[in-house]
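S.K.: Handing you this structure, nothing more for now.
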Amino acid sequence: MAKMEVKTSLLDNMIGVGDMVLLEPLNEETVINNLKKRFDHNEIYTYIGSVVISVNPYRSLPIYSPEKVEDYRNRNFYELSPHIFALSDEAYRSLRDQDKDQCILITGESGAGKTEASKLVMSYVAAVCGKGAEVNQVKEQLLQSNPVLEAFGNAKTVRNDNSSRFGKYMDIEFDFKGDPLGGVISNYLLEKSRVVKQPRGERNFHVFYQLLSGASEELLNKLKLERDFSRYNYLSLDSAKVNGVDDAANFRTVRNAMQIVGFMDHEVESVLEVVAAVLKLGNIEFKPESRVNGLDESKIKDKNELKEICELTGIDQSVLERAFSFRTVEAKQEKVSTTLNVAQAYYARDALAKNLYSRLFSWLVNRINESIKAQTKVRKKVMGVLDIYGFEIFEDNSFEQFIINYCNEKLQQIFIELTLKEEQEEYIREDIEWTHIEYFNNAIICDLIENNTNGILAMLDEECLRPVCATHQHFESRMSKCSRFLNDTSLPHSCFRIQHYAGKVLYQVEGRTCPKPCGRPAMPQSVFVPRREPCQINLKRPPTAGSQFKASVATLMKNLQTKNPNYISILAAHIFNEGLVCHQVRYLGLLENVRVRRAGYAFRQAYEPCLERYKMLCKQTWPHWKGPARAGVEVLFNELEIPVEEYSFGRSKIFIRNPRTLFKLEDLRKQRLEDLATLIQKIYRGWKCRTHFLLMRKSQIVIAAWYRRYAQQKRYQQIKSSTLVIQSYIRGWKARKILRELKHQKRCEEAATTIAAYWHGTQARRELSRLKAEARNKHAIAVIWAYWLGSKARRELKRLKEEARRKHAVAVIWAYWLGLKVRREYRKFFRANAGKKIYEFTLQRIVQKYFLEMKNKVPSLSPIDKNWPSRPYLFLDSTHKELKRIFHLWRCKKYRDQFTDQQKLIYEEKLEASELFKDKKALYPSSVGQPFQGPYLEINKNPKYKKLKDAIEEKIIIAEVVNKINRANGKSTSRIFLLTNNNLLLADQKSGQIKSEVPLVDVTKVSMSSQNDGFFAVHLKEGSEAASKGDFLFSSDHLIEMATKLYRTTLSQTRQKLNIEISDEFLVQFRQDKVCVKFIQGNQKNGSVPTCKRKNNRLLEVAVP
């Protein structure tokens, strides 16, 4: 029986208020108390309309299991208790069903848990979208991109052990069915200053510690590294080890994730070399030296580190050493070089390290995008997930905090604008009068920062144009010209303060208005950008970090405005600290957001669910309303006498102005449900009692009927038994009476017979006595005669025996005499040569017996029969072995004499195959017992291939159907493989049309794996006409035969041996790209058939069972 679907609501079993739009009264205290009440009951999610508020408990809760995913799948947003899965499902279904691009904006302060929230969103979408081999591969690559980016872009901070130190925006692309096709990742503002310096209690990026902890000794030696953290100046030692974090295991996870995403081995090696070079850059130290002209310059103390860095990066050591000592200024055709002092050299070293790491991170993002991008060109649906820095207020706020908070100002601005826009659109759509909402518009703060004329970023860019480092006083003079900049004498020196939406922030400006060096170190451009010709070098001033970030934020805002937004705000609360939560509630603008959504009407609901929920409050609508849902709601509200000013009717929804009205409805519903429950219980109990009574009544009738039947049957049996007894007694009495009469009559008849019998007996006994006496007399005479004859015979026998005994004694004596004479005569010759003759006679007899026995024990004439009789005597060992060898040669000759010329050719090919593949290819043993047939397709007899037969004039050596592997996606297509004396041809299986023709002279090599599969690659000569589209990759059930015949035919035509390469990993030329074909062991869903998958643009993976 199917499980009944129970309709639920956000209002059922609610702890606190699940949607704070319904909070009453609305103030900061009630908001915090509501969050705390839900937090204490492990309800960490709360709604503000369609916005999800999450209070991070920093511990695991059992609310993310696969069962929870199924609970929220395809459910209404307000149907279950608040959860991040509800928002994820709403966004995914809107994208899939309504064809609306979505974006999920995750906000919160640094360390609040935004990255974990983005992982939960992605894992939910991956769980509910489609299934399949290709779809699962795309999902796995999208999910595995996170560990790679976290290793290179996350670090331990005082607030979080895995804090994102870069902004990430991922666009996940879906097809029309909602299955993921790929994705694109954009990164914003990597905190590259962390590479060279970390605050106390914090760490550098994870990858440095993971590399030193998890790499093998061989890898560390190759990278010229040591496992000791204290050997590297760029790594902080006070928090190098983090409790609960296994850097070695994480390093293995990152390596595995890079392989899944599609990184090649040499790419991973190159990435680790750059990471090692950045680590070793921090160990370069400088010492001052004075020149003749009085200027100070710097020299490197120990050049061993410099040498190892150059070996890792491939840079000329002298060029890199000069880059740390001189600065070159280029202006048009002039170059001016100046020396760097020790402080400037350290600055140049750190700048190089930060630039190297920043460009490495950008390359990683681009490389991941190359692997996870959608391969098809069909129209795509997009879901964006934004995980960017939260608002930051530190004791020392620098330029990085300034642009991070600027980005959050822009996000807050678009959040308010899109929220108001969404509210206004719903009011207009429902034909409800829209009232203007007063709110704090932070556009003035955004304009203060980004205005192109007198904004802070514009003035910073202008100061960077100055030929020397600008001073803070000059910057202050510029700011004082704008009326929006207010002077505050309480500010410290070289500081300014901005009133953000989240509060006031004091920024330090030391070194912020100093531009990059007017020139750049004499460093080869290959370290930073791809190598270019000198004429292509652009001497134009590069854009500043502020202008670059401003442009990136503008692009991000433009992208977000084209999508339907979904918001998640995260509050950090290890334990629920009301002061900390109150601060976050303020700067996230949650109270203002509630007011915006409550302006006008606090609650709205479609007519159908509203009527379904509250219909029991009105007799006219309970239990079923047969009219339109809106009319039912109107009847319901009129019956409840709710004031008209408390609600309005839209086109498809009912709008309730005050939360008190909703709670009144909920109280009435709760009371009515209790009454209904009582009624249901009463009806159920009556039904149960009636049912029990009817059952007992029915049982009583059945029992009575059975009892009456049993009583009648028992009475009938008693009457029947009594009748039978009476009948038996009567029959017995009658029988006994008749018996007595018959016995009396019989005794009278038998009396005369008995008397006569006795008389005849007496007469007979008398005659018998007389005859016996006569017979005894005759027998005595016969016995006496017999005894006399016996005595006579025994005397004659005794006489004859005595005469025979005497004759035998004479014969025995004569025989012994003749023997004695012979022995005396023979004894003369016996001592001379009797032993030799006996030996030869015995030996001859043994050999004769051996050959006669071998005649009967000879094995069969089959050459493969290895049976042979055992040796009977030790001295015949050599004879036995030689006889076995001669017999085997003889029967082999007899077997060969039966072969035809065609059979001899086949065995020659089998011998060739044995030399090529025995003990090299796992498929070879299974091919030994299969005869080589060559033309498996009878082209000459099949009229379907008449056109193909006419097109080929040469003798066909092989005609077989093979699977040709597609170069683009790894899928297979059936083709007819034809081998003639001079050419290799491929034809379409259905039409018989020739698709490709390759001369055998253009075939250079055949590659295959050592495993039990039928895949092989035919390599063509580079530059030949046949190689325009690249090499061929086939799959065949007769691999050994095809490779052997191709080898023999090529050898007979070109007089050169064809190279047969057997390896589990080889390269194949596909057009202009070289693709690695890699064979791995795996469990196949379709049995024992190998499968081929195109992993990325450079790897083709074949899974062999």
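S.K.: Does the range 38-51 contain at least one residue that is open to solvent by 10 Å² or more (accessible area, probe 1.4 Å), in contact (Cβ under 8 Å) with a residue 24 or more places away in the chain, assigned to a helix (DSSP H, G or I) and out of contact with any Gly (no Cβ under 8 Å at 6 or more places or on another chain)?
M.R.: Within the range 38-51, one or more residues are open to solvent by 10 Å² or more (accessible area, probe 1.4 Å), in contact (Cβ under 8 Å) with a residue 24 or more places away in the chain, assigned to a helix (DSSP H, G or I) and out of contact with any Gly (no Cβ under 8 Å at 6 or more places or on another chain).
S.K.: Report yes if some residue within the range 354-371 is farther than 30 Å from residue 260 by Cα and open to solvent by 10 Å² or more (accessible area, probe 1.4 Å); otherwise report no. If you could, list the steps in order and put the result at the bottom.
M.R.: Of all residues in the range 354-371, those farther than 30 Å from residue 260 by Cα come to none.
For the range 354-371, residues farther than 30 Å from residue 260 by Cα and open to solvent by 10 Å² or more (accessible area, probe 1.4 Å): absent.
S.K.: Further question on the same structure: Could you please find all residues in the range 196-217 being of a type in the set (A, V, I, L, M) and open to solvent by less than 20 Å² (accessible area, probe 1.4 Å)? Give the derivation first.
M.R.: At the first step, the residues of the range 196-217 found to be of a type in the set (A, V, I, L, M) are 196, 207, 211-212, 215.
Within the range 196-217, 207, 211, 212, 215 qualify.
S.K.: Quick check: is even one residue across the range 300-320 touching a Ser or Thr at 6+ places or on another chain (Cβ under 8 Å), within 26 Å of residue 546 (Cβ to Cβ) and in contact (Cβ under 8 Å) with a residue 60 or more places away in the chain?
M.R.: Checked the range 300-320: no residue is touching a Ser or Thr at 6+ places or on another chain (Cβ under 8 Å), within 26 Å of residue 546 (Cβ to Cβ) and in contact (Cβ under 8 Å) with a residue 60 or more places away in the chain.
S.K.: List pairs: first in the range 398-418 and within 15 Å of residue 559 (Cβ to Cβ), second open to solvent by 10 Å² or more (accessible area, probe 1.4 Å) and of a type in the set (Lys, Arg), Cβ under 9 Å, 6+ apart or cross-chain?
M.R.: From residues that are within 15 Å of residue 559 (Cβ to Cβ), there are no pairs.
S.K.: Show the residue pairs meeting these rules: Cβ distance below 9 Å; 6+ apart or different chains; first residue within the range 978-999 and under 15 Å from residue 950 (Cβ atoms); second residue of a type outside the set (D, E, K, R) and assigned to a loop (DSSP other than H, G, I, E, B).
M.R.: From residues that are under 15 Å from residue 950 (Cβ atoms), the pairs are 978/937; 978/939; 978/952; 980/952; 985/952; 987/993; 992/939; 994/952.
S.K.: Among the residues of the range 1005-1021, which ones are crowded, with 16+ Cβ neighbours inside 10 Å and of a type outside the set (Gly, Ala, Ser)?
M.R.: 1006, 1008, 1011, 1013, 1015, 1016, 1018, 1019, 1020, listed by residue number.
S.K.: Determine, yes or no, whether residue 343 is part of a helix (DSSP H, G or I), among the aliphatic types (A, V, I, L, M) and surrounded by 21 or more Cβ atoms within 10 Å (Cβ to Cβ).
M.R.: The answer is no for residue 343.
S.K.: For the range 52-60, does any single residue satisfy the condition of being open to solvent by 60 Å² or more (accessible area, probe 1.4 Å), over 12 Å from residue 124 (Cα atoms) and among the small types (Gly, Ala, Ser)?
M.R.: Looking through the range 52-60, at least one residue is open to solvent by 60 Å² or more (accessible area, probe 1.4 Å), over 12 Å from residue 124 (Cα atoms) and among the small types (Gly, Ala, Ser).
S.K.: Out of (1) aromatic (Phe, Trp, Tyr); (2) touching a helix residue (DSSP H, G or I) at 6+ places or on another chain (Cβ under 6 Å); (3) at pLDDT below 75, what's the single condition that is false for residue 440?
M.R.: That leaves (2) as the condition not met.
S.K.: So which of 203, 227, 255 is part of a loop (DSSP other than H, G, I, E, B) and out of contact with any Lys or Arg (no Cβ under 9 Å at 6 or more places or on another chain)? Quick ask: steps written out before the conclusion?
M.R.: Working: 203 fails: out of contact with any Lys or Arg (no Cβ under 9 Å at 6 or more places or on another chain); 255 fails: part of a loop (DSSP other than H, G, I, E, B).
So the residue among 203, 227, 255 that is part of a loop (DSSP other than H, G, I, E, B) and out of contact with any Lys or Arg (no Cβ under 9 Å at 6 or more places or on another chain) is 227.
S.K.: How many residues are closer than 20 Å to residue 190 by Cα, among the hydrophobic types (A, V, I, L, M, F, W, C) and free of Cβ contacts under 8 Å to residues at least 60 places away in the same chain if we restrict to the range 113-164?
M.R.: 2
S.K.: State whether one or more residues within the range 8-18 are modelled with pLDDT under 85, in contact with a Gly (Cβ under 9 Å, 6 or more places away or on another chain) and open to solvent by 70 Å² or more (accessible area, probe 1.4 Å).
M.R.: Residues of the range 8-18 modelled with pLDDT under 85: 8-18.
Among the residues that remain, those that are also in contact with a Gly (Cβ under 9 Å, 6 or more places away or on another chain) are: 10-11.
Remaining after also requiring open to solvent by 70 Å² or more (accessible area, probe 1.4 Å): none.
No, the range 8-18 has no match at all.
S.K.: I need the full set of residues from the range 1046-1087 which are more than 20 Å from residue 984 (Cβ to Cβ) and either open to solvent by 90 Å² or more (accessible area, probe 1.4 Å) or charged (D, E, K, R) (or both), in order please.
M.R.: Hits for the range 1046-1087 are 1064, 1065, 1067, 1072, 1073, 1074, 1078, 1081, 1083, 1085.
To keep it simple, each residue is scored yes or no on (1) under 30 Å from residue 1016 (Cα atoms); (2) at pLDDT 80 or above; (3) part of a helix (DSSP H, G or I).
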{"residue": "849", "(1), (2), (3)": "no, yes, yes"}
{"residue": "877", "(1), (2), (3)": "no, yes, yes"}
{"residue": "885", "(1), (2), (3)": "no, yes, yes"}
{"residue": "894", "(1), (2), (3)": "no, yes, yes"}
{"residue": "904", "(1), (2), (3)": "yes, no, yes"}
{"residue": "912", "(1), (2), (3)": "yes, yes, yes"}
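S.K.: Considering only residues that are more than 30 Å from residue 999 (Cα to Cα) and either within 16 Å of the chain's Cα centre (by Cα) or open to solvent by 90 Å² or more (accessible area, probe 1.4 Å) (or both), look in the range 1092-1104 and name the one that is modelled with the lowest pLDDT.
M.R.: Step one: of the range 1092-1104, the residues more than 30 Å from residue 999 (Cα to Cα) are 1095-1096, 1103-1104.
Checking the rest, the ones that are also either within 16 Å of the chain's Cα centre (by Cα) or open to solvent by 90 Å² or more (accessible area, probe 1.4 Å) (or both) come to 1095, 1103.
Values: 1095: 76, 1103: 84.
Across the range 1092-1104, the extreme among qualifying residues is 1095.
S.K.: If you don't mind, there's one more thing I want to ask. Hey, does the range 178-201 have a residue that's hydroxyl-bearing (Ser, Thr, Tyr), closer than 30 Å to residue 102 by Cα and in contact (Cβ under 8 Å) with a residue 40 or more places away in the chain? Write out each step before concluding.
M.R.: Let us first name the residues in the range 178-201 that are hydroxyl-bearing (Ser, Thr, Tyr), namely 186, 188, 193.
The next check asks that each one be closer than 30 Å to residue 102 by Cα; those that pass are 186, 188.
Next, from what is left, pick out any that are in contact (Cβ under 8 Å) with a residue 40 or more places away in the chain: 186, 188.
Yes: one or more hits.
S.K.: For residues that are within 17 Å of residue 983 (Cα to Cα) and without any contact (Cβ under 8 Å) to a residue 40 or more places away in the chain, tally how many sit in the range 1007-1019. Lay out the reasoning, then the answer.
M.R.: From the range 1007-1019, those within 17 Å of residue 983 (Cα to Cα) are 1017-1019; that's our starting set.
Imposing the further condition that a residue be without any contact (Cβ under 8 Å) to a residue 40 or more places away in the chain reduces the set to 1018.
Of the residues in that region, 1 qualify.
S.K.: Still on this structure: Sort out which residues of the range 605-629 are touching a strand residue (DSSP E or B) at 6+ places or on another chain (Cβ under 9 Å) and either open to solvent by 50 Å² or more (accessible area, probe 1.4 Å) or among the small types (Gly, Ala, Ser) (or both), and write them in order of number.
M.R.: If the condition is that a residue be touching a strand residue (DSSP E or B) at 6+ places or on another chain (Cβ under 9 Å) and either open to solvent by 50 Å² or more (accessible area, probe 1.4 Å) or among the small types (Gly, Ala, Ser) (or both), then 606, 629 are the ones that fit.
The values are calculated or read from the model by the stated rules, or taken from the named source; none is laboratory data. All values derive from a computational prediction rather than experimental measurement. No Cβ is skipped: glycine too gets one built from the backbone with ideal geometry, and neighbour counts run over all protein chains shown. Quick note on the areas: whole protein, heavy atoms, side chains included, nothing else; ligands and nucleic acids left out. Shrake-Rupley method; radii C 1.70, N 1.55, O 1.52, S 1.80 Å.
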